[in-house]
Each structure stands twice: as structure tokens, then as C-alpha cells.
């Protein structure tokens, strides 16, 4: 279920502060964040975020197509190695 329009998109306060500080400084370094639930806003375009996936910070370069989606969508938490049955079928 989507969030109500009158509430607006959810973004953790510290993510906004870090992004604003990075924009003012003009530095192009990775902003480490742990908030996978935060929505990507237009003011984040062009910034590089390190989104935590439970093990490491995955670098995510924000583009215009990403606006409105969540940071967690670009930092997978599980590694898919394929189905074991597929590997057996390929060996033969």
C-alpha cells in the first residue's frame, strides 16, 4: 500500500541534512546512510549515497529516473547464486 499523498514522501531527517551539507560543500564523496526506507527526492540527483545492506555500504549514484523510489531498492540484501537444479542440468 502506498503512502498518503497529503503526508508527502518519507525521508529520514539525517539523510536530508547530510545531502544538504554535501551540496553546500561541493564535494563529490559517498554519503553513508542506513535508511533504506527513505524516498529519493529531486534534491538528491547527482549525489552518491552508500546504502547499507546489512554487511557493507553499496554505492548508489542517484539519477532522475530514481526519484520517488526507495534507497533499499538499489542495495540488495541477498546474493542470488541461482538454483542448484539448474547447475546440474548445465553440467550434463
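We did not get these values from a lab; they are worked out from the coordinates using the rules stated. Keep in mind the model is a prediction, meaning the values are calculated, not measured. Methodologically, a virtual Cβ is constructed for each residue, glycine included, from the backbone with ideal geometry; neighbour enumeration extends over all protein chains shown.
In the chain, helices alone account for a calculated mean residue ellipticity at 222 nm of -7000 deg cm²/dmol, with every DSSP H run of four or more residues adding -39,500 (n - 2.57). Per the Debye calculation on the chain with a single equal scatterer at every Cα and no solvent contribution, log₁₀ I(q)/I(0) for q = 0.10 Å⁻¹ amounts to -0.35. Taking the longest Cα principal axis of the chain as reference, the axis of helix 13-25 is set at about 70 degrees.
Multiplying the residue separation of residue 64 and residue 3 by 0.36 nm and removing their Cα-Cα distance gives an extension gain of 19.9 nm.
Counting beta carbons within 10 Å around each of 67, 33, 5, 40 and listing the fewest first gives the order 5, 67, 33, 40. Hydrodynamic analysis of the range 19-66 uses the Kirkwood radius over alpha carbon pairs. Inserted into Stokes-Einstein at 20 °C and 1.002 mPa s, it gives a translational diffusion coefficient of 193 µm²/s. Taking the chain as a Gaussian network of alpha-carbon nodes connected by springs under 10 Å, the highest mean-square fluctuation of the residues 14, 52, 74 belongs to 14. Comparing mean-square fluctuations of 24, 73, 64 from a GNM of the chain with C-alpha springs under 10 Å, the top value falls on 24. Taking the chain as a Gaussian network of alpha-carbon nodes connected by springs under 10 Å, the highest mean-square fluctuation of the residues 54, 82, 72 belongs to 82. Taking the DSSP beta bridges with both ends in the chain, the antiparallel portion is around 65 percent.
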